[in-house]
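One structure below.
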Amino acid sequence: WMTRDPALLVKIAMLKGSLFLACTALLLYILIRRLVGQLMAAENRHVEVLRKYQEIFNASNEAIFIHDVQSGVVLDVNSRMLSLFGYDRDEALRTTVGQLSGGDPQLAEQQARELMDKVFAEGPQMFEWLSRSKDGREFWTEVSLQRVVSNGQACILAVVRDISERKRAEDAITDLNK
């Protein structure tokens, strides 16, 4: 390797440089390919977790809403909500608490805001609420509110159960006792 010929030294230096570049490129290719594989595997796991979440979310016998705390707008709903209230998904995601409530929508919005604030101040809340379906039918529901964080955003999780049959039975018992 010891030579005094400058042309040969240049050729050797170029060969060593080319070999270094080729090895570096190969290592980078291997590392990038491994990283991409790990990212794809993580993404696949994430997609699977989301799929399972969606299955559980939609399998519930209770209507589930996720509300934005600030606006009260519905961010997500499950299949039971759609069937109970008669909305399609796009319509449901544009509704507010007032539209889904029986009686005066503005009063319902105000009462709902107070209940959401109470969730943040005191913790989970459970109460009965007069609800309204898309076709205007009013029915009684039992509502459970809980604070949750979704995508870093504070939200309200509302789990809603239709208690119309129970209310009718209670009214019938009351009528019998008169």
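Observations on the structure shown:
- Net length gained if the chain between residue 128 and residue 18 were fully extended (0.36 nm per residue, minus Cα distance): 32.0 nm
- Rel. contact order, % - alpha carbon contacts under 8 angstrom, at least six apart, segment 40-172: 21 percent
- Between segment 11-67 and segment 84-134, the alpha-carbon center distance in angstrom: 41 Å
- Cα long-axis angle, helix 164-176 against the chain (0 to 90 degrees, to the nearest 10): 20 degrees
- Between the beta carbons of residue 59 and residue 177, assuming R0 = 41 Å, the FRET efficiency works out to 0.55 to the nearest 0.05.
- Residues in segment 57-68 carry Karplus couplings, in order, of 4, 7, 7, 5, 7, 9, 6, 10, 10, 10, 9, 6 Hz; the curve used is 6.51 cos²θ - 1.76 cosθ + 1.60 with θ = phi - 60°, and Gly or Pro positions show x.
- Cleavage-rule hits, chymotrypsin sites (Phe, Trp or Tyr not before Pro), segment 1-31, DSSP coil, Cβ neighbours within 10 Å at most 13: 1
- Carbon plus sulfur fraction of accessible area for segment 92-164, probe 1.4 Å, in percent: 49 percent
- Comparing 76, 117, 104 in a Gaussian network model of the chain (Cα springs below 10 Å), the most mobile by mean-square fluctuation is 104.
- With every protein chain in place, segment 11-59: carbon and sulfur % of accessible area (1.4 Å): 75 percent
- Stretchable slack from residue 120 to residue 45, in nm (0.36 nm times residue separation minus alpha-carbon distance): 23.7 nm
- For segment 7-17, backbone phi angles converted through the Karplus equation (6.51, -1.76, 1.60; θ = phi - 60°) give residue-by-residue couplings of 5, 5, 4, 5, 4, 5, 4, 5, 5, 4, x Hz, Gly and Pro being listed as x.
- Proximity of backbone amide H atoms, modeled 1.01 Å from N, is registered between residue 69 and 156 at under 5 Å, excluding neighbours fewer than 5 places apart on the same chain.
- Accessible surface area normalised per residue over the chain is 69 Å², counting heavy atoms of protein chains with a 1.4 Å rolling probe.
- Helix 105-122 axis versus longest C-alpha principal axis of the chain: approximately 60°, rounded to the nearest ten.
- Only Cα pairs under 8 Å and 6+ residues apart enter the sum, and on that basis the relative contact order of segment 1-89 stands at 15 percent.
The values are calculated or read from the model by the stated rules, or taken from the named source; none is laboratory data. Predicted, not measured: the structure shown is a model, and the values here were computed from it. Positions of Cβ are backbone-derived with ideal geometry, glycine not excepted, and every protein chain shown enters the neighbour counts. For accessibility, only protein heavy atoms count, side chains too; no ligands or nucleic acids. Shrake-Rupley method; radii C 1.70, N 1.55, O 1.52, S 1.80 Å.
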